[in-house]
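These notes are about the structure you will find just below.
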Amino acid sequence: MLVTKPVAELCALLVDELHGELPSRIFAILVSKGRSTVLQLSQYTSMTPRQVRHGLAVLQQHNLLYYHVDPGSELASYEANPENAYNLIRTGKILEMIDTSFGAAAKDVMQNLLLSGQTRILDLVAAYREKIEHAAKTANGAEDDDGIAAETNGINGDSHNTKKGALVIKSTAQLNTVICRLVEAELIDVVHARTFHTSDDILKSVEKEAMAKQTAQGAKGGKGKLELQENIAEGLRKVRAESKSLKRKLEQNGSAAKRRRLFSGLESTNGVHEEETDPILDPRQVIRINYEKCLVDLRNRRLVQYATDMLSETTAYVYGVLLKLLTKDVPRCRADPIMDVGEDQDDDNDKNPGFVTTDQILDNLKTSVDLSLGVGKAEKHQISFSAAEEVQLYPPKKKALIEEVEVVGEASADEEEDSESEGEPDYDSDYKDSAATNGTHDENGINGMNGIKGTNGGTNGTKVTFDESAARKERKMDRPTQLRQHLLILAESTQGFVRHCGRNEWTVDFVPIINSLREVELDSVIERTCGRQGLRLVRILRAKGKLDEKALPNVALMRKPELQQKMLEMQTAGFVAVQEVPRDVKADVKKSFFLWFCDVDRSLSQMLDTSYRTMVHCLQVLEALRHKERDVLETTKRSDVRGREKDTMRKSYYERYSRFLECERKLFAQVMRVDDLVSVLRDF
Amino acid sequence: MANPAKLQILKDALYEEIRQHGSATRLFAQSDILDLNIIPNNDLELLMNVVQGLTDDKLLIGTTNHHAGLSWRWRSREEAKKYTSLPNDDAVMVYAIIDEAGADGIWNRTIKNRLNMHEAVVKSTIKFLEAKGYIASMKNVEHPNKKMYIKATLRPSDRATGGPWFTEGELDTAFIAELEGIVFEYIKTKSAYRGSQPTGTAGPTKTPKRGAVTAGETTTLARGTKRSATEMSNDDAAPAVGTTRTTPSTTTTTSTKTRAIFLPMPAGYKHYPTVAEMAKFIHETGITNNTTLGEADIQQLVDVLTYDGLIEPVRVGRRRGYRVARATKQDTVPFHKRQKEREAGVGLNLSLVPGAEPLSNGLTEAPCGRCPVFELCEEGGPVSPSNCVYFLQWLDLEDVPQALAPNVGFPP
Amino acid sequence: MSGRGGRGGRGRGGRGPPTNGRRAVAQNSVPWAMDSDIVLDGKPSEQFPPYAVPRAPLLTKKEDKQISYFLLFREQCQDSPLYTQARSRATTSTPSSSSPSTTNPSGSAGSSRTYGQDQLNKRYGQTTKATIDPFTSVPMYSHRFRQVPRTLPDLGARSFAKEFFPAELHSTLDGEDDSGGGAGGGMGGGGQAAKRRRVGPKTLGLSSITSYKTAEELFLGGTGSGLDSTTGSGGDGHKGKNGLNKALELITTLEQRHQHGEDAYLSGEDDDDDWVKGRNGAGGAGGEEGLDDGDSNYEDEYESGDDYNAEAYFDGNQDDEEYDEGGDDGDYL
């Protein structure tokens, strides 16, 4: 992560928002000054060392620091961890994601873990125990707690109404189970001795060790160099694996899959039957959130959204299931250049997500989902099965950024051409003479509206509701075939959501799909900024490379002056650039070529920078609003007002307060949306 | 030998024979003419006389060609008559050079330079020729500011006019836009399945469907059977196409539970429309009454639609077709119908261009994304987030705060 | 075209002196020569040129949830003992931000540009005696309800996994880092580190804030749907449950933070009608007061907020004062 000025500013603002001014100031200084000691920090900030130490302690507790202590020295030098500071803005998303896929209890645990920073399991359990005991004590006197009954529905919708007061975690055993689940999902990992070393420090020490080993063995030359590289990668992997020690221990205790199924989000809330089966975790372990894995899950969700935008919701749902299965053991979005290039195979999951079979997907689909939705109907003879089912063993070699036209260009040319060509152009007849092939499909041609699915009332408010179709009798295809249809659509898509990597085996090539997603994000910014014609011109340049200004109007079918104006507009916006190529020494403008081109990578990095700055601006606007409404806000913080603003505040104050809250929501929402973009551009 | 009558007969015979053997652009070398067996005994001198005579009559045009040496082309008698009817050499020379330029036309400055004539002479000659109806002025799209001339009988070449997309030297963007709409509509209906979906499944991100929900028995394009009143009244305002084929919307929505939606076709679908099919379709509709659009022209149009991100090429087997992008997000009401509605004042908030609403993201929705002073904006500067008026507007705080209704905001 | 113009890189290439050819060309190849619609005026552009600001998008259900979670999380963070509430930055929180160095010409909240760490540091620590507004800083009744910001995190309240902190922070984590400077430390003596000011085991308290109110909930507050209302002490009707839960939380808090008899404050008359209209029972209010006491410190409210000699203050109070950090406001300069 490149820490530019806006990033630094953003991180400081986020730390300020969540942990207060003191840590924020120290954090900002650490970002700008680099590695510093307490005394240096005190000097930089004109604060007392005592203040600095307090601030550092808070930062350290919340995983926002790296530090380094030289052997034999008392003094530590500290460094900021901007990744984690940035991740603070993702808190809402991560919690919502955990709530949706693991249930309210897991969300509660994660929230408390985030709140307290790195925490010993012991302490977390004690805190929960205290809360549970209190609840038990008071529950006796009160009427029966039906809040708990409502809790089982928690994952289905807003847990707003269910979480009031009612305990989500009802026993320490349940807590243990939840932690186990999160550890297994790698969303929580273990803090170890080197967690707070910067990657540079770790690399250095590992290098040192490897060198020492090497000199002892005395290997030299090119082979030795290679070996050293491998040893270093090996060493680094070992360090990285330390944070997964808890997970490994759990796995040794029996297959996780046996104990529970990954997809049954419902089980977590009434985890009674699981209590016995989960091993009790070592209470001395210190755990914290693992953002890397959270990002993998967030990436899955973004890709599902992408598929929804491009295809249909049902197909996107299938995609989501596929992704979840596929990335179960994918620890991070991007492979590490040093650690993950080594060729040793012991954990090849890092490099290759493997594949998922059709049956696996089928097993994990919700039974309530109607797979007949979201796909058009066509007669058998209208479909080329050889083309649809084509297996692609290897990921695409070309960068997807070039242009879709070319990506699609390669297809099975040599396969059964006759079957394709037989049904050539005559489309008027296509939809009529279908009776011959399949009598039952008669009405289901493109004219048929038989596919109407009646709504059924039982739609529950999950993210996407799929109706169990009333038209079940009408369904001609069996479920596996329907599933295949969705998978094949994903595989055939221009975006390349899925690769059919073997008979009934599916995988996702994340690099190209994320590249195409980036391009889509860029395109929507271009289209929203410079209109559809602007987008057209950029995509022409992307497809054709550098293009003479004179050649453009003809390709784009645009008038010259309009086109030139558009190009200038886009040049100003940084989407395109121009190169002047003089034809002779005189460099007469009239005779020179003006070659337009677009540099996608540059545009993307510019967009990233704009995103950071937009986020900073949103937070600064919020700060300005707070300043403007400070008298109101101070009032609401008063102890006699808090919690019953409605009753105690003057009407005008109250209205101002509620308007402020609305603005605050809007601004944070915007920051989070921009973060969606940043994730795509930087992290996925 | 020099019998004028005989010479005339030979001339006529040779001229007719030459015309039999090729078009006005074919070059005939000396040997070619001899091989026609008109000139007795291959008498070269006679040949020379005959050819000279024809050239004088402007029926043959002599040219020198690098490969074949001296050679000739024929010219029609009417054309030749025009030459011979011209009063003076100046007029002949000017007319000849314009004739030579053919369908591309020629710039008047070029005429002047090549003939080395005085400008006034060229001007008056051109004026004379124009008045006689022999030549006409024209515009060349490549040089819009140059005054060009062309033989009145010729139509300017595609290169000069810019092809079918130009009208009087100007790119006819209205025509292009209209055709784009038609081609897009065609691809949309041919490459996606028009089905229906329970309304309950509308995702949270979806913009609410505006306008009437059409329950769709009318799936493929029904050809001009029924028209709504609004369409009728606007017939003259819009070019023919839109009105000839419209989908009558059954406003009596029988079931409110479903809505029409386009769905992607199953993988391996073999009937995504090709350019050839589109060209055929366009030809059959007769929209382009006086311009003929070849497949190459349609391909150009389709490419533009592809660059616009509205459609995408698909190759199934050897067949290269096109399908609509983001099928489920497309409007099920045909674009032309939307245009009609717009003219009638309905649905003015809908997009002016065919295709689905462009995607948006956090940047495009924030005031900063397209902010004109973004580069200047900085805390402490004259333009800063804390005094940003755009943000106030965005947050609905721009006006007197008190006047604001408290419940503008978020869905529950 | 003056001589100056020739030197600056004009035009696309910008190399060498301008030639005649170059200038002549500009006439029909620049866009404003070809497009008559473009009007060039020499006026400086407006500060905020007119621009179609996009509409703020509506939130999807999922996003709404995410933001609620985030805001709840933030509330909990700010309620946690590790949060430093105090704002010493003059421009943002001090009511008396009229000091000329910090307000910018437009009079808005934005801080002026800084050109160095010194300047930046000066922005902070503005909440001193000198900047206090003489009108609002007089002790007033309503001040009793104002929270006293904590200037340093209350680290002593909970336990830490100390092995993952550098050794130099360990005493800080124990809440025993009184004065790192040493100069003032003499007053406390060396034995201070050994003192345990806290009784009972340290626990990691879970936040008592369990919901975050949206603007709508605030407005609908009358129906009791979303509001954590504490009116009444858990007796009547549908509000009962909320009240009960709140009461439970209060008990928790009360027990967690071994609290002094601060209730004295509550005995005051309700003479400020605007603010306390809705209060109807001393019992409910008392509980609430307790809650807020958890993270505030009344003793310091007026006297020590700007006290420079923090250590002296602290030492003088330590016997009856458990939140030692409260006395350190003066450090934060």
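Quick look at the numbers
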quantity	calculated
Per-region count, the range A:543-561, residues in a helix (DSSP H, G or I) and farther than 18 Å from B:Leu301 by Cα	1
The one condition in (1) at pLDDT below 85; (2) in contact with a helix residue (DSSP H, G or I) (Cβ under 7 Å, 6 or more places away or on another chain) that A:Ile446 fails to fulfil	(2)
From the options B:Leu54, B:Leu44, residue that is over 30 Å from B:Leu171 (Cα atoms), aliphatic (A, V, I, L, M), surrounded by fewer than 14 Cβ atoms within 10 Å (Cβ to Cβ) and touching a Leu at 6+ places or on another chain (Cβ under 9 Å)	B:Leu44
Options A:Val206, A:Val183, A:Val191; residue that is modelled with pLDDT of 85 or more and over 30 Å from A:Ala126 (Cα atoms)	A:Val206
Breaking point among (1) closer than 30 Å to A:Val356 by Cβ; (2) more than 7 Å from chain B (Cβ to nearest Cβ), for A:Asp548	(1)
Long-range neighbours under 8 Å by Cβ, at least six apart or interchain, first residue within 12 Å of A:Tyr317 (Cβ to Cβ) within the range A:365-381, second at pLDDT below 85 and part of a helix (DSSP H, G or I)	A:Leu373/B:Thr201
Qualifying positions in the range B:361-393 - in a helix (DSSP H, G or I), in contact with a Cys (Cβ under 8 Å, 6 or more places away or on another chain) and among the hydroxyl-bearing types (Ser, Thr, Tyr)	B:Tyr390
Residue list for the range A:564-577, filter: crowded, with 20+ Cβ neighbours inside 10 Å and outside any loop (DSSP other than H, G, I, E, B)	A:Gln564, A:Lys566, A:Met567, A:Met570
One residue from A:Lys666, A:Lys586 being assigned to a loop (DSSP other than H, G, I, E, B), without any contact (Cβ under 8 Å) to a residue 24 or more places away in the chain and within 12 Å of chain C (Cβ to nearest Cβ)	A:Lys586
Failed item, numbered, when B:Val94 is tested on (1) without any contact (Cβ under 8 Å) to a residue 24 or more places away in the chain; (2) surrounded by 14 or more Cβ atoms within 10 Å (Cβ to Cβ)	(1)
Matching option when the condition is closer than 16 Å to C:Leu155 by Cβ, more than 8 Å from chain C (Cβ to nearest Cβ) and either of a type outside the set (S, T, N, Q) or crowded, with 23+ Cβ neighbours inside 10 Å (or both), among A:Leu59, A:Leu39	A:Leu59
Residue match in the range B:188-199 (condition: at pLDDT 80 or above, within 22 Å of the chain's Cα centre (by Cα) and more than 9 Å from every other protein chain (Cβ to nearest Cβ))	yes
Breaking point among (1) at the interface with chain C (Cβ under 10 Å from one of its Cβ atoms); (2) crowded, with 24+ Cβ neighbours inside 10 Å, for A:Ala28	(2)
Checklist (1) within 8 Å of chain B (Cβ to nearest Cβ); (2) over 20 Å from A:Val600 (Cβ atoms) applied to A:Ala543, failing item	(2)
Single condition A:Ala491 does not satisfy, out of (1) assigned to a helix (DSSP H, G or I); (2) outside the structural domain of A:Leu326 (by TED's automatic domain parsing)	(2)
Residue that is nearest to A:Val58 (Cα to Cα) [pool: residues in the range C:156-172 that are at the interface with chain A (Cβ under 7 Å from one of its Cβ atoms) and of a type in the set (S, T, N, Q)]	C:Thr172
Failed criterion for B:Thr328 (all others in (1) surrounded by fewer than 22 Cβ atoms within 10 Å (Cβ to Cβ); (2) over 28 Å from the mean Cα position of the chain (by Cα); (3) assigned by TED's automatic domain parsing to the domain that holds B:Arg194 hold)	(1)
Members of the range A:270-301 that are within 25 Å of the chain's Cα centre (by Cα) and either assigned to a helix (DSSP H, G or I) or at pLDDT below 50 (or both)	A:Tyr291, A:Glu292, A:Lys293, A:Cys294, A:Leu295, A:Val296, A:Asp297, A:Leu298, A:Arg299, A:Asn300, A:Arg301
Residue that is modelled with the highest pLDDT, among those in the range A:124-159 that are at the interface with chain C (Cβ under 7 Å from one of its Cβ atoms) and part of a loop (DSSP other than H, G, I, E, B)	A:Ala142
Matching residues, the range A:108-123, being touching a residue at least 60 places away in the same chain (Cβ under 8 Å) and part of a helix (DSSP H, G or I)	A:Asp108, A:Val109, A:Met110, A:Leu113, A:Leu114, A:Ile121, A:Leu122
Residue in the range A:68-99 that is modelled with the highest pLDDT, counting only those that are within 19 Å of A:Thr195 (Cβ to Cβ) and either among the basic types (Lys, Arg) or part of a loop (DSSP other than H, G, I, E, B) (or both)	A:Asn81
Pairs, first within 17 Å of B:Asn65 (Cβ to Cβ) in the range B:27-47, second of a type in the set (Gly, Ala, Ser) and not in a helix (DSSP H, G or I), C-beta under 6 Å, six or more apart	B:Leu27/B:Ser71; B:Phe28/B:Ser71; B:Ala29/B:Ala68; B:Ala29/B:Ser71
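For every residue, the table says whether it meets (1) modelled with pLDDT under 90; (2) within 11 Å of chain A (Cβ to nearest Cβ); (3) over 18 Å from A:Met558 (Cβ atoms).
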position: B:Thr274; (1), (2), (3): no, yes, yes
position: B:Ile282; (1), (2), (3): yes, no, yes
position: B:Thr285; (1), (2), (3): yes, no, yes
position: B:Thr288; (1), (2), (3): yes, no, yes
position: B:Gly294; (1), (2), (3): yes, no, yes
position: B:Leu310; (1), (2), (3): no, yes, no
position: B:Arg319; (1), (2), (3): yes, yes, yes
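The values are calculated or read from the model by the stated rules, or taken from the named source; none is laboratory data. Keep in mind the model is a prediction, meaning the values are calculated, not measured. FYI the Cβ positions are ideal-geometry reconstructions off the backbone, even for glycines, and counts take in every protein chain you see.
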